Amino acid sequence: MPGILEGVKSSEDISKLNIKEMNILAAEIRELLITSVSRCGGHLAPNLGVVELSIALHYVFNTAQDRVIWDVGHQSYVHKILTGRKDAMSTLRQYGGLSGFPKSEESIHDAFNTGHSSTSISAALGMAIARDLQRQDYSVVAVIGDGALTGGMAFEALNHAGIEERDLIVILNDNEMSISRNVGAMSGYLNRLRTDPSYSRTKEEIEHHLMRIPGIGPNIARAAGRFKDLLKYLMVPGIWFEELGFTYIGPVNGHDLDELLPVLKNARKMKGPIFIHVITEKGRGYEPARQDPGTFHGVGPFDINTGKAFKKPIKTYTEIFGEYMVERAQTDSQLVAITAAMANGTGLSEFALRYPERFFDTGICEQHAVTLAAGMAKAGLRPVVAMYSTFLQRAYDQIIHDVALQKLPVVFAIDRAGLVGEDGPTHHGVFDLSFLRTIPEFTLMAPSNENELLDMLHTALTINGPVAIRYPRGAGEGVELSQVRQLLPVGEARLMKKGGDLAIMAIGRGVSIASEVACLLEEKGIGTLLVDARFVKPLDIALTTSIGTNYKRLVTIEDNCLEGGFGSAILEVLAANNQQLDVLCMGIPDEFVEQGKVDLLFNYLNMDAVSIVETIINKWPELLGYSRELGLLNFGQN
């Protein structure tokens, strides 16, 4: 027997349902969410928490016309299901499939593309202003989580929105508080009172008539106004938002449609900026996610029955970084760790547990996190800032102004560098080599395997200045971890293989690709010099110019955008030394790369080993059947 969800082809179908049917719909959506995410991976706990809220929004608003903006957007799966995309949920976050975030190219119902935090209120206010200037008529709603509300940009937008006084609804999806029956009943009463149009009209009429009374009218009106403000401070929990110019409504039980629907309906009719505080529960409807919402915030494929992830046995770079931090902290009392709402994601959970006084989670405040680190470093500590590459972009000015200009010894552990896979273009960390290597006083490294990461961390904490180490998401190369830490000579590359026909210089994850390329070329009788650059800044100038002198052909490989990246740095060195060899730079092209498994994306970009070999042969066909021995037995030895 088909369920309610089967009959929901678009959001318009929801308006035909009653409360009982909508609750059945909510249960069916949760079942679809759990099934889909267990196969594809994704953000499960946040979406389970906004099922009723999403249904209510689509009941009250017409998202083909009204603008509903999901902050971050990782909780938009239900929205996608309700806007004609439920049959494509099996393609979620897969190459060519549904994005894991709102995407206006995907649907007219996705009002604004999101993926990073704290942007929704700014975008919503911009749309409200555009609507009014163009004399159009539609509602604008921003849905922002309590985590995203910690971002400074959200506060900037709230401050501006209160001054503008445009018709705008901000919904705070607060999933950190429990829902109390008493709070729910009282808030339901207050919300009905405050959002009922007759209440607003009566209040205005009373003030108007008081002002008309001769002599005592203004005094009584002023007294009434002061009394009203006093009551607000005593009784209204959202007074801070009221002072910013918003009408505060809440807390509202985000899982009770009987309470939620009237609030949204009335808020839609109200004038000016409205702030609705909705309480939800992350992971609702699936016990493993409810018990451990942190793990199920973003999860890979897992077993529905147990909630256990299908995990590879090889340690990830993230885990290795976290273990090193704990080990180092035992002997280094000056070491402190900073992250921006990513303790689990950056591998610092154990550090936070073992050394809570030296662990600092700033919330989603990357700018503050970097300047906080600068202050700590200036006062004698050794801060390590652990952050995803894509989020570090948000703190670029602080990196330059607060850290680099003062040559402060801050270590940036840049996780999820390069292509990250299924999270797609908003999360690919393919710009960090380019935007960091232009900054003076920086040391910039990228490991090719787990031991190099450990050695680079060990080295970084001895450098008296800013250092960045970028490493990819997921498992490493599977090499056996050494118990001995090596201090790397700063700016010195590692010669991995000698050959006379062409040279390959690679960095980070590009080294493993380059190794495979060299093997495939060797099978074709083409000898290759293979170099693990290790450092993007400073570069190994001596080795680079030696290649420029002794080779006619050079290939650079990096997991970063080509513009301004590692290959560009090599070309700059060669040009500065008037060396004119033929160079092929392989990296991320000048485009935003879609989501999909990393191996598939490399293949799409012709960045896998087989494709690179084909590109090399097409560029230099004379290499086939032709081998040139330079006799450089001592080449590259320092």
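Does residue 73 satisfy being among the small types (Gly, Ala, Ser) and assigned to a loop (DSSP other than H, G, I, E, B)? When the stated conditions are applied, residue 73 passes them. Out of curiosity, is residue 81 of a type outside the set (Asp, Glu) and touching a Phe, Trp or Tyr at 6+ places or on another chain (Cβ under 7 Å)? Answer is no for this residue. Every listed requirement among (1) modelled with pLDDT under 95; (2) among the small types (Gly, Ala, Ser); (3) surrounded by 18 or more Cβ atoms within 10 Å (Cβ to Cβ) is met by residue 474 save one, (3).
Could you look through region 417-474, keep only residues that are under 23 Å from residue 331 (Cβ atoms) and of a type in the set (Gly, Ala, Ser), and pick out the one that is nearest to the chain's Cα centre (by Cα)? Looking at residues that are under 23 Å from residue 331 (Cβ atoms) and of a type in the set (Gly, Ala, Ser), I get 460. When restricted to residues that are in contact with a strand residue (DSSP E or B) (Cβ under 8 Å, 6 or more places away or on another chain) and of a type in the set (Val, Ile, Thr), region 400-427 contains 4.
Among residues of region 156-185 being surrounded by 13 or more Cβ atoms within 10 Å (Cβ to Cβ), farther than 17 Å from residue 127 by Cβ and hydrophobic (A, V, I, L, M, F, W, C), the one that is modelled with the highest pLDDT is 172. The combined condition, being crowded, with 21+ Cβ neighbours inside 10 Å and in a loop (DSSP other than H, G, I, E, B), is not fulfilled by residue 490. Restricting attention to region 371-405, the residues that are of a type outside the set (S, T, N, Q), closer than 22 Å to residue 317 by Cα and in a helix (DSSP H, G or I) add up to 2.
Scanning region 455-487 for residues that are within 21 Å of residue 420 (Cβ to Cβ) and part of a loop (DSSP other than H, G, I, E, B) yields 471, 472, 473, 474, 476, 477, 478. Considering only region 353-369, how many residues are closer than 17 Å to residue 468 by Cα and touching a Leu at 6+ places or on another chain (Cβ under 8 Å)? Residues meeting the conditions: 1. The set of residues from region 90-125 being touching a Lys or Arg at 6+ places or on another chain (Cβ under 6 Å) and surrounded by fewer than 20 Cβ atoms within 10 Å (Cβ to Cβ) comprises just one member, 113.
The values are calculated or read from the model by the stated rules, or taken from the named source; none is laboratory data. Keep in mind the model is a prediction, meaning the values are calculated, not measured. Ideal geometry is used to build each Cβ from the backbone, glycine not excepted, and the neighbour counts take in all protein chains shown.
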